[in-house]
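The values are calculated or read from the model by the stated rules, or taken from the named source; none is laboratory data. Computed from a prediction, not measured in an experiment: that's the story for all the values here. Cβ placement follows ideal geometry from the backbone for every residue including glycine, while neighbour counts extend to all protein chains displayed.
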Amino acid sequence: MRGAPASRIAGLGRHAPGGGGERAERGAARGGGGGGMGRRTGIRARRYAQAGEALTDIARPAAEAALAAAGIARDQVALTLLATSTPDHLLPPSAPLLAHQLGLTASGGVDLAGACSGFLYALTLADGFVRTRGLPVLVVAANILSRRINPADRSSAVLFADAAGAALLVPDRQGAAGLLGAPLTGDGAHSALIQIPAGGSRKPYGPGLDPQELLMAMPDGKAVFTEAVAMMTASARRAMDEAGVEAAEITRFVPHQANTRIFEAVRKALGLRPETVVSTIAEFGNSSAATIPFSLAASAEARPLEPGELVLMTAVGAGLTGGAVGWKVP
């Protein structure tokens, strides 16, 4: 077993289902209130999976794109990490199925339920695996949240969408770049702020279960805003401290696309330049864990990542789970 001093992102990919955007008018029909949706959140459109599409169906194209960009043999991928809150089934996990569909014959697979922070958790774990084993890891974040929207819950009905993003990590023998800082955090005292109340062991499926309890609930949107800004800002500051970089050195800021007001508040608190912000929320909404890799892939398509760039990613999600990653492009 040979390790590596660092990992690097060899390929990125993204996918949003459907041929056209989910327009604000449909957001209004789901409790969003058309024009108000855009003003409060920055969301103009969302994409929803088609009937019959499952989580692995939308995850696979993003993963295929990342694998193609990396250009490595599929039997070299040693691990597949799938960050999702909406797997194909409660059991079995979806990561082994996804790896099978992709032809990753030597890959292990496991799902991670880190909510909106799931990609950052998966990326951090993948980096550790690459460093210790010296083998490639596929990280995929994907969600089909459209089927969990509760039109009566106005705080959350305007936000959620479906998408997938992926990154393929490989060993970097130079060791001068890659993951430089990765503080992860959580606060279970606020576990009720964002939840799907039923379906787990606390309130299992059974006769008399209210179907509304299987949908998203965000009873205090103001509290979510306050906690999200605080946790994302604190995590990002710690990531920059661990990386030994200043705000002026960050070339791309890739926040979780919760809503525009949240990540703009975080950007201002950190003192980051407006032009560093990577945002896809206007056309694709909030797909939870998928938003960061999806946005990073979109940004790299528009302007390829250059050696020496410093990328800052930060997120907060249900749990509360949170964290940030500082990444230097080798």
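Of all residues in the range 298-329, those satisfying the criterion of being modelled with pLDDT of 95 or more, among the hydrophobic types (A, V, I, L, M, F, W, C) and more than 12 Å from the chain's Cα centre (by Cα) are A298, A300, A302, L305, L310, V311, L312, L320, V325, W327, V329.
If you scan the range 114-170, which residues turn out to be farther than 21 Å from H89 by Cα and among the charged types (D, E, K, R)? Of everything in the range 114-170, those that are farther than 21 Å from H89 by Cα and among the charged types (D, E, K, R) turn out to be D127, R131, R133, D153, R154.
Just the residues that are buried (at least 22 other Cβ atoms within 10 Å of the Cβ), modelled with pLDDT under 95 and not small (G, A, S), please, taken from the range 153-188. Once the filter is applied, which keeps residues that are buried (at least 22 other Cβ atoms within 10 Å of the Cβ), modelled with pLDDT under 95 and not small (G, A, S), the range 153-188 yields V158, L159, F160. When A78 is tested against (1) at pLDDT 95 or above; (2) among the small types (G, A, S); (3) out of contact with any Pro (no Cβ under 7 Å at 6 or more places or on another chain), just one condition goes unmet, and that condition is (3). Considering only the range 49-57, I want to know if a residue exists there that is within 19 Å of I262 (Cβ to Cβ), at pLDDT below 95, out of contact with any Cys (no Cβ under 8 Å at 6 or more places or on another chain) and not in a helix (DSSP H, G or I). For the range 49-57, residues within 19 Å of I262 (Cβ to Cβ), at pLDDT below 95, out of contact with any Cys (no Cβ under 8 Å at 6 or more places or on another chain) and not in a helix (DSSP H, G or I): absent.
Residue count for the range 247-258 under the criterion of being within 14 Å of I281 (Cα to Cα) and either in contact with a Phe, Trp or Tyr (Cβ under 6 Å, 6 or more places away or on another chain) or surrounded by fewer than 23 Cβ atoms within 10 Å (Cβ to Cβ) (or both): the result is 1.
Name the single residue, out of those in the range 271-286 being surrounded by fewer than 20 Cβ atoms within 10 Å (Cβ to Cβ) and more than 18 Å from the chain's Cα centre (by Cα), that is nearest to A164 (Cα to Cα). Going through the qualifying residues, I end up with T276. If you check L79, L97 for being within 28 Å of S235 (Cβ to Cβ) and either touching a Cys at 6+ places or on another chain (Cβ under 6 Å) or buried (at least 19 other Cβ atoms within 10 Å of the Cβ) (or both), only one passes: L79.
Of the set (1) outside any strand (DSSP E or B); (2) under 30 Å from A6 (Cβ atoms); (3) acidic (D, E), all apply to D88 but (2). Taken over the range 287-320, the criterion of being surrounded by 24 or more Cβ atoms within 10 Å (Cβ to Cβ) and of a type in the set (S, T, N, Q) is satisfied by S287, S288, T291, S295, T314. Summed over the range 120-151, the residues that are of a type in the set (S, T, Y) and buried (at least 24 other Cβ atoms within 10 Å of the Cβ) give a count of 1.
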